Every structure is written in structure tokens, then in C-alpha cells.
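Taking it in order: structure first as C-alpha cells, then the write-up.
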Amino acid sequence: MKKETGILFVSLGLIALVVGILFGSLGAFQFVYPDFLKEISFVKLRPLHVSLVVAWIFLCAIGGIYYYTNTYCGTKLWSEKIPKIHFWIFMVTGILILCCYFMGKFGGREYWEFPAILSIPIFISWILFGINYFKSAFKKVGNWPVYMWMWATGIVFFFITFSESYLWLLPYFRNNLIRDLTVQWKSGGAMVGSWNMLVYGTAIFVMTRITEDEKIAQSRLAFLMYFLGFANLLFGWAHHIYIVPSAIWVRMISYFISMTELLILGKIIWNWKNSLSDAKRNFHILPVRFIVASDVWVFLNLALALLISVPAINVYTHGTHVTVAHAMGSTIGINTIILLASAFFLITDVTKHEFTISQKKIITMGFWIFNIFLLIFWLCLIAAGIEKGILVIDDKLTFQEIMEKINPILIVFAFSGLGIFVGLIMIISPMLKATYNYLFQKEIKP
Amino acid sequence: MSTQTRRFIFWFLIALFFIHTSLVFTIGTDEDNGKELMTEDAQAGKLLYQKYNCTACHQLYGLGGYMGPDLTNMVSSPGKGEMYARAFLQAGTQRMPNFNLLEDEIKSLVAYLKYVDKTGTSPVKKFEINFDGTITQK
């Protein structure tokens, strides 16, 4: 039997997620107990954690895009070989990057700490991915639904922003700190925007399939929201660098654009008013449940993002754990939950596996444990961040004094990280079992 | 919304992006108050800062990990300074690893931190809040 490459990406992604969250939890404990796990210093654990979870986001999104374009979009993949090559480049580069981290070989920058040379295979595989996507998508007869636009945008802009993130290789950028930091966060902020395009596109795709309502992906509103998101990707990144002394207009444009996200917030509330009964009715369908949860997280994180985009609030929250709450809320609460929905959809679709009643019970329990601990985790970060901000700016305490004060909150934070990990294992293990059976061709027991 | 409108908005945004980007790369980030301190030593220090992944724990302008303090204005903070920084770099602490740095590397890292210090202020502690939610640094 020919195996789907999409599912290979997704299962490797799930493994990366579990290991990545494990490293993250260990790192959190190093924060509060300095002597914990001296063997792997935080300087290694942090990039291990970040790169693995970012790998998860990309693997699961890419796997979905390959499978969905090939199966559901009224197109066929231009090349079926490229996904396989892509997979192996990803795997080999990934392992090399992890080895570098374990050996303490860095040289890159925050979030891409590996030596710059390892970005070359990433560039190559992305170009192959892009060529394959566009060659396939342009064969489609009729209008692209919004999710195909979003995937196209995500693919192009990841390439652009990833290139920008290596401009530091040129002395013109590297030797002026203000330029260096501005460009780094321009690229970083927009890069997150571009993977969000891949992920949100996937969410809309999954909802369209489940409800069998193509209108969701063709409506004027869907496109307006997409363009609004796109404008924010392009111009709304400067809240990361409000305190970096770049030209004022750099920051003001971002402030203004960020506030347009209020419209997105409004749209979410409006939708809930109309679709609550649908959501209730379909809550038993696993992917729907995850999408509904991600909606709640979008709401919470967007509200937070809007607040910290106001310079007068940002001056307190910047450089504190509020920023981490923003990052974790978006990557775990939104991206991961949407991608888990997509993984459920894809795995059931490919393997034709039906989860047993007891498996479904475990997944449901995992779902609640995951979300509840994530909420505690998120609130702890916000609380710690606000306290730190006030202690730095109003009380002018020293670093050591501040760390001592916020330590109790960070202890709760570290333990809730473990809770997230446990919930995740409960959600993921049935999925991994199903893919294992499929990939290694065992008879699937009903 | 017709496909034509969709394409138009898309390309319009892309055009704005390229204009905006070229301005950000040039006049948007031209100011560099510490320029004369970005000596060859300091330039090497910047790369060492990346090589040893100091960012995992330290911030410049609030950007980076939070295990250690923000280093932007460390060298000019009261009671701290070059010798103080050297002590940390030579020995590490309970939380900060000892990187076994060579004397040259320490010199470069310190030179880089001296440059960073001159470029601006972080965290911003003295400011006024304006009616539109922006702030003015004092």
C-alpha cells in the first residue's frame, strides 16, 4: 500500500511536540530551582524547546497542506516526490540542529540559534515546497478559497521573513544595534504572522470540510479578515521594539495597524452570538471541539495582544513574562490546538481509523486537562509579568529582588507546564498509535 | 469580492510592504548613537554574544530570555561596570554557566556591551503618558 507523505509529517510533528514540551517543562523548573538538571544547562534547553515546538507547527501545517491540496482542493500535487524529499531534508537538518544544541554549538539568533549554515537546507526545502504548492494550486479551476490564499501567503512570506532574519550576516545590518534589532523583530514578528497564515488557513479548511459549507471559505467577510490579517503581518510587528530607538514612524505605523485587530475581535464575538448552538451540537466531533477551544484562545490572546500593543501599557509589560504569555498563548493555545484538530482530521481521513470509546474518553479528559492547565499557566505568566513590570518601573527594585518576589508565581507556572504535558500525552498517544499501525501496516483492530 | 479585487488588494499590500521595508532598512534605523564604540573588538563581541547564546538568558532592550538581567545599560549602572561584568564572564554563577572564555573573548564581549550601552535606554523608567496611549521618554 502506498503511504501518504502528509501523515509522515504530522506524526513526526507530534513526536517533536511531545519532546519539545518536555524540554520546555524542564526549562521552567530550572527557572525556579537553579540546581535542577545541571547536566543540560538552560542555554541548551531553551533552544531545544523552541526549535522542537516550532518544528511541530511547521511539520503539522506542511503535512496538512500536502495532503489537503492533493485530496480536497480540486487539484492534485504537481509532484509527489517533492514531499518525500522535503520530509527527509527536514528530518536530517532537524537532527543536525538538535546535535548542535546538545554540543553547545550556537551562532545564530534567538529562535534560530543553530549555526547559520544549517539554514541552507531549510531554504532549499522551502523553495521545493513553494514550487510544488504553486504548480499544484495554479492548476485549480475556479476561484481559490480563502485558505488557499492563506497558504500561498504563508509560504511566500515565510521565505521572505526567513531571508530577512539572516540579514545580520551583512555588516551593514549587524554593526548597528538599532537596525539589527529592528530588522530581527520585523522579520520575527512577520514570520509568526506567516506561519499563522498556514495555521489559520488549515483551521478554515477543516471547518469547511466538516460542515461541508464552502461558503465559509469564499465569503466577502472571510477575505476581508484575511486581508486584515495580512496587513497586520506586514506592518504590525513593532510592538516588539517600541523601546528600541528607531524612527518614530516605524513604531506609530505598527501601533495604528495593530489596533485594526479590534475588528477581528469584534468579528469573533459576533460569530459566537450566531454559532454557539452549532458549536454545542457538534462539540462531540473531535476536530470541532479543538477548533472551538482555539476560538476561545484566539479571543483571549487577541485581547492581550491589543493591550500590549498600546505603548503606555507596553512600557510596563515589555521584557516581562506578559510577552511570554502572549507567545505561549498563541503557539500553544491557538496554533497547537488548531493543528491538533487538523491532525485528528487528517489521521482519521487517511487511516480510516475509528477511535474506541475508551480512547475517546482519554482524549476528552486530556483535552480538559490540557486547556485548564494552559489557562493557569497563561494567567501565572501574566501575573508574574505585571508584577515584574511594576517592580522594575515604579519600585525600581534590582533583578535579584524582583526574581525573589515573582518566584512563587513561577513555581505554580512550572507545575502547570507539567499538567499541559500530561494532557497532551493523553490527546496524542491514541493518534500516534493509529498512525503507527497505518505506517507499519498492522491490522487495525476495531 | 471578485478575483480581480482580491488580486488588486494583494498586490497593493505587497507593494506597500516593499516600500515600507526599504525605509525601515535605511532611514528608519539610521540613528546609531554609539557608532564610534562599535570597534573591531565590539564587532567580534557581537558575534560572540551569538556564539555563546547569551540571548537565552539575557535581554537587550527587553528582548531575549528572562533568566538573567537586561544587559543594555549594565556597564553604566551605578555600582556595576566593566570589572563587574568581567567577574561574571570569568567565573559564571549558580545560574550562569562558566563558558571558559579566553581573555580576548571577554575583552570583546565587554567592548560590545559598552557599545550597546551608548545606543539607548532599557528598561525605560522615566516617561510621560500621552493622550493617545503613546509615551514620551524623559
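Taken as Cα centroids, the range A:156-190 and the range B:41-111 sit 22 Å apart, rounded to the nearest whole angstrom.
Here A:Lys267 is the anchor, and the aspartates and glutamates within straight C-alpha reach of less than 12 Å, apart from those fewer than 8 places off in the same chain, are A:Asp295.
Among the listed pairs A:Lys396/B:Lys118; A:Lys3/A:Lys76; A:Lys105/A:Lys405; B:Lys51/B:Lys126; A:Lys84/A:Lys135; B:Lys80/B:Lys125, those with a Cα-Cα distance over 25 Å are A:Lys105/A:Lys405; B:Lys51/B:Lys126. For the range A:331-446, the dipole from Cβ point charges (+1 on Lys and Arg, -1 on Asp and Glu) about the Cα centre works out to 560 debye, to the nearest 20.
Screening chain A for DSSP H helices whose Cα atoms reach 18 Å or more along their own axis and whose mean Kyte hydropathy is at least 0.5 gives A:5-32, A:42-71, A:81-102, A:119-137, A:146-164, A:177-211, A:220-235, A:286-308, A:337-351, A:357-393, A:399-439.
Largest GNM mean-square fluctuation across A:Tyr242, A:Tyr172, A:Tyr316, computed for chain A with C-alpha springs under 10 Å, falls on A:Tyr172. Label the range A:366-426 by shape, choosing from rounded, prolate and oblate, from the square roots a ≥ b ≥ c of the eigenvalues of the Cα gyration tensor; if a/c is under 1.5 it is rounded, and otherwise prolate applies when a/b is larger than b/c, oblate when it is not. Taking the square roots of the gyration eigenvalues as a ≥ b ≥ c, the range A:366-426 is prolate.
Legend: distances between Cα atoms for A:Lys186/B:Lys114; A:Lys44/A:Lys388; A:Lys139/A:Lys280; A:Lys81/A:Lys215; pairs beyond 27 Å are A:Lys139/A:Lys280; A:Lys81/A:Lys215.
Of all aspartates and glutamates in the structure, the ones whose alpha carbon falls short of 18 Å from that of B:Lys46, not counting any fewer than 8 places away in one chain, are A:Glu110, A:Glu113, A:Asp180, B:Asp32, B:Glu36, B:Asp70, B:Glu82, B:Glu103, B:Asp104, B:Glu105, B:Asp117. Which of A:Met365, A:Tyr33, A:Asn175 sits closest to the plus end of the dipole of chain A, meaning its Cα is farthest towards the positive end, when Lys and Arg get +1 and Asp and Glu get -1 on the C-beta? The Cα lying farthest towards the positive end belongs to A:Met365. Restriction of the trypsin sites (Lys or Arg not before Pro) in the range A:1-49 to DSSP coil positions whose beta-carbon has at most 15 other beta-carbons within 10 angstrom yields A:Lys2, A:Lys3, A:Lys38. The share of alpha-carbon pairs in the protein assembly as shown lying farther apart than 31 Å comes to 49%.
Both the radius of gyration and Dmax for the range A:19-146 are 18.2, 61 Å, in that order, over alpha-carbon atoms.
The alpha carbons of the range A:317-397 stretch over 60, 21, 10 Å along the principal axes, in descending order. Counting only the Cα atoms, chain B fills a convex hull of 185 Å³ per residue.
Per residue, the solvent-accessible area of the protein assembly as shown (1.4 Å probe, heavy atoms of protein chains only, all protein chains present) comes to 42 Å². The length gained by stretching the chain between A:Glu80 and A:Glu212 to full extension, at 0.36 nm per residue less their Cα-Cα distance, is 44.9 nm.
Distance between the C-alpha centers of the range A:1-77 and the range A:219-239? Whole Å please. Rounded to whole Å, the Cα centres lie 26 Å apart. Evaluated at q = 0.13, 0.17 Å⁻¹, a Debye calculation over the C-alpha positions of the range A:284-446 (equal weights, vacuum) places log10 I(q)/I(0) at -0.69, -0.96.
In chain A, helices alone account for a calculated mean residue ellipticity at 222 nm of -26500 deg cm²/dmol, with every DSSP H run of four or more residues adding -39,500 (n - 2.57). Among the chymotrypsin sites (Phe, Trp or Tyr not before Pro) in the range A:35-74, those placed in a DSSP loop whose Cβ has at most 16 other Cβ atoms within 10 Å are A:Phe36, A:Tyr72. Remark: accessible area buried at the A-B interface is about 6000 Å², both chains counted, probe radius 1.4 Å. Checking every one of the trypsin sites (Lys or Arg not before Pro) in the range A:319-369 against DSSP loop status and a limit of 14 other Cβ atoms within 10 Å picks out A:Lys352. Give the range of the longest stretch in chain A that excludes all GluC sites (Glu not before Pro) found in loop regions by DSSP and having at most 12 other beta-carbon atoms within 10 Å. Between the exposed loop sites, the longest stretch runs A:40-211.
Potential lengthening of the chain between A:Asn143 and A:Asp394 amounts to 84.8 nm, from the contour at 0.36 nm per residue minus the alpha-carbon distance.
The values are calculated or read from the model by the stated rules, or taken from the named source; none is laboratory data. Since this is a predicted model, take the numbers as computed values, not measurements. Counting neighbours? That spans all protein chains shown, and the Cβs are built from the backbone with ideal geometry, glycine included. These accessible areas exclude ligands, DNA and RNA; they are computed on the full protein's heavy atoms, side chains included. Shrake-Rupley method; radii C 1.70, N 1.55, O 1.52, S 1.80 Å.
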